[in-house]
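Participant: Below is the structure I would like to discuss, written out as C-alpha cells.
No value in this document is a laboratory result; all are computed from the given coordinates. What you see is a predicted model, and the numbers here were worked out from it, not measured in a lab. With ideal geometry, Cβ positions are generated from the backbone for all residues, glycine too; neighbour counts draw on all protein chains shown.
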Amino acid sequence: MKKTVSRVFIAVGALAVAIALAAPALGQEVKEKPPMYSYVGNWTIPRAQWADMAKANAADQSLLDKALAGGTIVAYGNDTNLVHTETGNTHDDWWSSMSMAGLMSVLDQFYKAGSSTTPVLESATKHSDEIVVSRYYNWKPGTYKDAYTRVATYKLKHDAPNDAVETLSKNLFVPLLEKMLADGSIVEYEIDQEAIHTDDPNTFAVVFIAAKADALDKFLAAVVELRKSNPLAGPGFGSMSESSAHRDYLSRTNATYK
C-alpha cells in the first residue's frame, strides 16, 4: 500500500511539474534543435605538470582552428577544474560537431599527429572520455579566455516520464538560460546527455559558460527569483530527479565558438 501511495505522489508531482514549469515559458516557444555532439577527454594531471598541460592545449589549437574554419566542428575548448576532489579530474579538452563523423575526424587527426601520447598526457594518473549530445543549446560566437564553466549534473528517477529532460529543458532550463544569454551574463549553454552510454542513462547535465565570475552570482540570484515566482517548480523538479545524485562542477575555460 505504501508503495502504491508513493507512486501516486510521484505521478502527481510529475503532473505538477508539467503545469508549474509551463508558467515561465508563456509567450516563448522552445524548440528542439538538431543534435550537437561533443567529445570530452578528462584528465587527472599531477600539479607539477599543469603548465605543460597548458602548452599542450596551445599546441593543439592550429588543428582545431582548421577544423572549425572548415566546418568539421562548431566549437572547441579546454577546462581546468577549480573545485578539486580527491578522485576527480583536473583538466579536460573538448570539441563539438553537428555530426559524430565530425567528432571522429578530429579525433583521428589527433591520433595521427601524436597528440594523444605527449609526455604530459602520459603523466596522467586517470583518464576517461565521453561523448555527449545536446538538443537544447545556444551561444554567442567568439573566443573566450579565462571564462567560467558551471556544470550541474542530475539523475532522473527510474519512473520519471520518458520526456522529462525535454520537458525540463523547454519549460525551465532554456527560458532561464536564454534570458541570461540575451543580457550577456553567459556566452553559451547546453543540456547534455550521453550519446555513448558509459554512465547511468538517466543522467543529464546543465552547462553554461560565463565570461566573467559575476555571472555565477547572477545565475544563483535568477534561480532564487524563479523559485519565488514559481514555487511549484522546485518540488516538481524534485519529483523527477534524485537529489542525492546531484553534483556541481566549476572550471576555468578557454573556448571558441563559430
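Participant: Between region 115-179 and region 78-106, what is the separation of their alpha carbon centroids in Å?
Facilitator: Here the two parts' Cα centres lie 10 Å apart.
Participant: Roughly what angle does helix 2-20 make with the longest principal axis of the chain, taking Cα atoms, 0 to 90 degrees, to the nearest 10?
Facilitator: It is inclined by approximately 80 degrees.
Participant: Let me ask something else about it. Place the peptides 197-210, 69-82 in order of packing, highest mean first, counting for every residue the other Cβ atoms within 10 Å and averaging per peptide.
Facilitator: Top to bottom by mean Cβ count within 10 Å: 69-82, 197-210.
Participant: Quick one: Arg150, Arg47, Arg247, fewest Cβ neighbours within 10 Å first, how do they rank?
Facilitator: The order, fewest Cβ neighbours first, is Arg47, Arg247, Arg150.
Participant: Next question, about the same structure. If you rank Glu178, Glu225 by fewest surrounding Cβ atoms within 10 Å, what's the result? It would help to have the intermediate numbers written out before the result.
Facilitator: Details: Glu178 16, Glu225 11.
Ascending Cβ contact count within 10 Å gives the list Glu225, Glu178.
Participant: Helix 50-69 against the longest principal axis of the chain: what's the angle in degrees, Cα atoms only, rounded to the nearest 10?
Facilitator: 80 degrees
Participant: Specify the residue with the greatest mean-square fluctuation among Glu190, Glu122, Glu166, computed from a Gaussian network of the chain linking alpha-carbon atoms under 10 Å apart.
Facilitator: Highest fluctuation among the options: Glu122.
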